[in-house]
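For reference, the structure is listed below as structure tokens.
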Amino acid sequence: MPRPRVQSFFDDQTSTYSHVLHQEGDRTCAVIDAVLNYDPKSGRTATDSADEIIDFVRREGLAVQWILETHAHADHLSAAAHLKARLGGRIAIGEHIRTVQAVFKDIFNLKDGFIPDGRQFDHLFRDGETFQIGPMRATALHVPGHTPADLAYRIEGLGVFVGDTLFMPDVGTARCDFPGGDAHALYRSIQRILGMEEDTALYLCHDYPPETRSRQCVSTVAQQRRHNIHVHDGVGEDEFVAMRTARDKTLDMPVLILPAIQFNIRGGEPPPPEDNGVHYLKIPMNRL
């Protein structure tokens with residue numbers, strides 16, 4: 001019987017995992033959370049990480065159907081537009097991206113040139129919406145908390161791609177102090193995921209391993225319920241929220257949050273060029 005396959009790619013600069021998934025014997029694939037490289041010192045972008053994915057897709061003879069985003073990332077720029085230009089496919093994210101877009105339209109003072117209605121993406125998923133990746137059945141799950149728009153993607157016979165909602169058990173959970181974040185919502189989203197079958201595979205978007213182990217990108221519901229340092233069985237919502245709120249107060253903003261959000265609310269495109277043909281990013285002072 002054909003089995004689903006996952007090939008994962010790690011970007012060292014941002015500690016991000018991207019995933020390509022397809023079923024054996026079928027060419028159709030999806031790409032989840034691809035990274036566009038960015039040098040904050042020079043303002044230059046590069047496509048090294050995304051090109052690894054492109055090379056793999058072409059080498060394997062795959063055809064991209066979906067370019068999926070779990071949320072508008074604050075720690076890396078999305079390579080969705082770059083992948084679509086070279087491989088085709090539809091860029092998709094959760095429908096609550098509109099909320100995130102509206103928040104950051106105000107923060108970046110984007111005026112009328114940016115419409116926060118999700119039109120920058122090819123498809124906006126509703127909670128519980130099912131779709132196909134070739135012969136594989138997939139379901140979009142709204143798991144807010146880290147941001148209002150986070151999605152997880154459940155793929156039958158494979159597992160759940162959880163984005164930033166959960167990390168490896170010895171790392172914990174996502175922060176909730178970005179605009180629109182909510183620790184109560186994150187706790188409930190995590191419980192939705194951890195209420196699945198114990199052997200459900202959970203594919204992660206990041207890993208920040210301690211020196212005692214190598215990096216990893218997959219865990220299970222059982223491992224998270226027993227060992228997650230923030231939200232293992234027995235940790236209640238109030239305890240989690242108190243921990244998460246205190247911890248978030250100690251964290252710096254991600255290095256790439258300001259450039260990343262300006263790309264990621266646009267589906268991986270930069271702001272439009274100005275009259276000299278140059279794309280400019282804005283730095284709002286004293287807003288975050």
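The values are calculated or read from the model by the stated rules, or taken from the named source; none is laboratory data. Quantities reported herein were computed from a predicted structural model and do not represent experimental measurements. For neighbour counting, all protein chains shown are included, and Cβ atoms are generated from backbone atoms with ideal geometry for every residue, glycine included.
Residue by residue, here is whether (1) in contact with a Lys or Arg (Cβ under 9 Å, 6 or more places away or on another chain); (2) surrounded by fewer than 18 Cβ atoms within 10 Å (Cβ to Cβ) holds:
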site: H146; (1), (2): yes, no
site: T173; (1), (2): yes, no
site: G180; (1), (2): no, no
site: R192; (1), (2): no, yes
I need the full set of residues from segment 35-54 which are under 22 Å from Q216 (Cα atoms) and touching a residue at least 60 places away in the same chain (Cβ under 8 Å), in order please. L36
Taking segment 1-21 and keeping residues assigned to a loop (DSSP other than H, G, I, E, B) and touching a strand residue (DSSP E or B) at 6+ places or on another chain (Cβ under 8 Å) leaves P2, R3, Q13, T14, S15
Regarding segment 203-221, can at least one residue be identified that is free of Cβ contacts under 8 Å to residues at least 60 places away in the same chain and of a type in the set (F, W, Y)? no
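Mind checking which residues of segment 245-267 are farther than 23 Å from E95 by Cβ, part of a helix (DSSP H, G or I) and aliphatic (A, V, I, L, M)? Even if it seems obvious, please write down each step before you answer.
Within segment 245-267, the first condition is being farther than 23 Å from E95 by Cβ, and the residues that meet it are 245-256, 258-259.
Those still in the list that are part of a helix (DSSP H, G or I) too: 245-248, 258-259.
Scanning segment 245-267 gives A246, L258.
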Can you confirm whether segment 124-133 contains a residue that is buried (at least 18 other Cβ atoms within 10 Å of the Cβ), of a type in the set (G, A, S) and either farther than 23 Å from S8 by Cα or at pLDDT 95 or above (or both)? no
Specify the residue that is farthest from V57 (Cα to Cα); the eligible residues are those in segment 93-130 that are touching a residue at least 40 places away in the same chain (Cβ under 8 Å), touching a strand residue (DSSP E or B) at 6+ places or on another chain (Cβ under 7 Å) and of a type in the set (A, V, I, L, M, F, W, C). I97
Can you pull out the strands (runs of 3 or more DSSP E) entirely within segment 155-238 that have at least 2 residues that are in contact with a Phe, Trp or Tyr (Cβ under 6 Å, 6 or more places away or on another chain) and among the β-branched types (V, I, T)? none
I'd like the full set of residues that are touching a Gly at 6+ places or on another chain (Cβ under 8 Å) and not in a loop (DSSP other than H, G, I, E, B), limited to segment 127-154. M136, T139, A140, L141, H142, L151, A152
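Please specify each residue of segment 43-99 satisfying the condition of being in contact with a Pro (Cβ under 6 Å, 6 or more places away or on another chain) and among the aliphatic types (A, V, I, L, M). Spell out the reasoning first.
Quick first cut of segment 43-99, residues in contact with a Pro (Cβ under 6 Å, 6 or more places away or on another chain) only: 74-75, 96, 98-99.
Of everything in segment 43-99, just one residue is in contact with a Pro (Cβ under 6 Å, 6 or more places away or on another chain) and among the aliphatic types (A, V, I, L, M), namely A74.
Picking from Y203, Y208, which residue would you name as being aromatic (F, W, Y) and either in contact with a strand residue (DSSP E or B) (Cβ under 6 Å, 6 or more places away or on another chain) or on the phi > 0 side of the Ramachandran plot (or both)? Before the answer, list the steps.
On the way: Y208 fails: either in contact with a strand residue (DSSP E or B) (Cβ under 6 Å, 6 or more places away or on another chain) or on the phi > 0 side of the Ramachandran plot (or both).
None of the other options fit; the residue is Y203.
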Among the residues of segment 250-270, the number that are in contact with a Lys or Arg (Cβ under 9 Å, 6 or more places away or on another chain) and either β-branched (V, I, T) or free of Cβ contacts under 8 Å to residues at least 12 places away in the same chain (or both) is 1
What number of residues within segment 152-205 are over 24 Å from P4 (Cα atoms) and aromatic (F, W, Y)? 2
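On the basis of being touching a Leu at 6+ places or on another chain (Cβ under 7 Å), under 19 Å from P40 (Cα atoms) and surrounded by 12 or more Cβ atoms within 10 Å (Cβ to Cβ), does P259 make the cut?
On the way: touching a Leu at 6+ places or on another chain (Cβ under 7 Å): yes; under 19 Å from P40 (Cα atoms): yes; surrounded by 12 or more Cβ atoms within 10 Å (Cβ to Cβ): yes.
Taking the combined requirement at face value, the residue satisfies it.
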